[in-house]
Amino acid sequence: MNPDLSLQFAQIIGIVLSISGISLLVNQALFKKLIDTLSKNSGSAVLFRFFGGFIALILGTFMVTVHNYWEKDWTVLVTLFGWLTLFKGVTYLLFPECITKIFKMYQSPIVYKMSAVLALLIGLIFWYFGFVA
């Protein structure tokens with residue numbers, strides 16, 4: 001296991017998810033418009049989902065191939081995040097209609113806020129392990 005790699009991934013994930021969670025909370029109107037657009041099957045929405053799935057597939061594959069450590073400590077969170085990212089990419093590409101249903105769930109204010117807060121909390125956990133612990 002490479003502890004420096006685990007720290008780097010934790011720092012990156014922590015920063016990205018924390019900022020994403022805050023952005024989702026602060027810019028709700030903007031993201032609601034985006035979610036409305038993505039829940040439709042217009043050409044731009046399909047292209048965006050495909051592109052997002054392709055990026056998630058690349059990032060997930062990268063993380064899984066360079067950080068596939070199943071230790072009994074916090075570093076397993078990085079491995080799990082990599083596998084979840086890979087799964088997300090595969091799902092976006094192979095089951096686009098499933099993703100459409102998920103986007104429609106995000107139209108609910110409760111689901112939207114819970115997702116934003118969850119992203120922020122997970123980001124802060126990774127932030128802690130990447131920068132503090």
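Closer than 21 Å to Gln8 by Cα and of a type in the set (D, E, K, R): which single residue out of Lys113, Lys72, Lys88 fits that description?
Numbers: Lys113 fails: closer than 21 Å to Gln8 by Cα; Lys88 fails: closer than 21 Å to Gln8 by Cα.
Criteria check complete, one pass: Lys72.
For the structure I just gave you, tell me whether Glu97 is surrounded by fewer than 14 Cβ atoms within 10 Å (Cβ to Cβ) and farther than 17 Å from Ser39 by Cβ. Can you show your working first?
Values: surrounded by fewer than 14 Cβ atoms within 10 Å (Cβ to Cβ): yes; farther than 17 Å from Ser39 by Cβ: no.
So Glu97 fails the test.
Keeping to region 67-121, report how many residues are of a type in the set (Asp, Glu) and under 27 Å from Leu5 (Cα atoms). Show your work before the answer.
Taking region 67-121 first, the residues of a type in the set (Asp, Glu) are 71, 73, 97.
In the following step, the residues that additionally are under 27 Å from Leu5 (Cα atoms) were identified as 71, 73.
The qualifying residues number 2.
Which pairs do you get when a residue that is polar (S, T, N, Q) and part of a helix (DSSP H, G or I), found in region 121-132, comes within reach of a residue that is at pLDDT below 95 and surrounded by 14 or more Cβ atoms within 10 Å (Cβ to Cβ), reach meaning Cβ atoms under 8 angstrom, with the pair 6+ apart or on two chains?
Listed pairs, sorted by first residue: none to list.
Scan region 67-80 for residues that are touching a residue at least 12 places away in the same chain (Cβ under 8 Å), farther than 30 Å from Thr100 by Cβ and either hydrophobic (A, V, I, L, M, F, W, C) or surrounded by 13 or more Cβ atoms within 10 Å (Cβ to Cβ) (or both) and jot them down.
Our first condition is that a residue be touching a residue at least 12 places away in the same chain (Cβ under 8 Å); within region 67-80, this holds for 67-69, 71, 74-75, 77-79.
So of that shortlist, the ones also farther than 30 Å from Thr100 by Cβ come out as 67-69, 71, 74-75.
His67, Tyr69, Trp74, Thr75 - these are the residues of region 67-80 that are touching a residue at least 12 places away in the same chain (Cβ under 8 Å), farther than 30 Å from Thr100 by Cβ and either hydrophobic (A, V, I, L, M, F, W, C) or surrounded by 13 or more Cβ atoms within 10 Å (Cβ to Cβ) (or both).
Would you mind telling me which numbered condition in (1) more than 17 Å from the chain's Cα centre (by Cα); (2) closer than 18 Å to Ile99 by Cβ Leu38 fails?
Only one criterion is unmet by Leu38, namely (1).
Quick one: is Lys101 free of Cβ contacts under 8 Å to residues at least 12 places away in the same chain, out of contact with any Asp or Glu (no Cβ under 8 Å at 6 or more places or on another chain) and of a type outside the set (Gly, Ala, Ser)?
Working: free of Cβ contacts under 8 Å to residues at least 12 places away in the same chain: yes; out of contact with any Asp or Glu (no Cβ under 8 Å at 6 or more places or on another chain): yes; of a type outside the set (Gly, Ala, Ser): yes.
So Lys101 fits the description; yes.
Considering only region 74-112, how many residues are modelled with pLDDT under 95 and part of a loop (DSSP other than H, G, I, E, B)?
Adding up the residues that qualify gives 4.
For region 1-66, give me every one of the helices (runs of 4 or more DSSP H) that falls completely inside it and has 1 or more residues that are free of Cβ contacts under 8 Å to residues at least 60 places away in the same chain, surrounded by 14 or more Cβ atoms within 10 Å (Cβ to Cβ) and among the charged types (D, E, K, R). So that I can check it myself, show each step before the final result.
Numbers: elements: 3-26, 28-38, 43-66.
Of the helices (runs of 4 or more DSSP H) lying wholly inside region 1-66, those with at least 1 residues that are free of Cβ contacts under 8 Å to residues at least 60 places away in the same chain, surrounded by 14 or more Cβ atoms within 10 Å (Cβ to Cβ) and among the charged types (D, E, K, R) span 43-66.
Can you find even one residue in region 111-119 that is buried (at least 20 other Cβ atoms within 10 Å of the Cβ) and of a type in the set (Phe, Trp, Tyr)? Don't jump to the end; show me each part of the working.
Initially, region 111-119 is screened for residues buried (at least 20 other Cβ atoms within 10 Å of the Cβ), giving 116, 119.
So of that shortlist, the ones also of a type in the set (Phe, Trp, Tyr) come out as none.
Within region 111-119 (the criterion being buried (at least 20 other Cβ atoms within 10 Å of the Cβ) and of a type in the set (Phe, Trp, Tyr)), the answer is no, since none of the residues qualifies.
The values are calculated or read from the model by the stated rules, or taken from the named source; none is laboratory data. These numbers were taken from a predicted model, which means no experiment stands behind them. Heads up, the Cβs are rebuilt from the backbone with ideal geometry, glycines too, and the neighbour counts pull from every protein chain shown.
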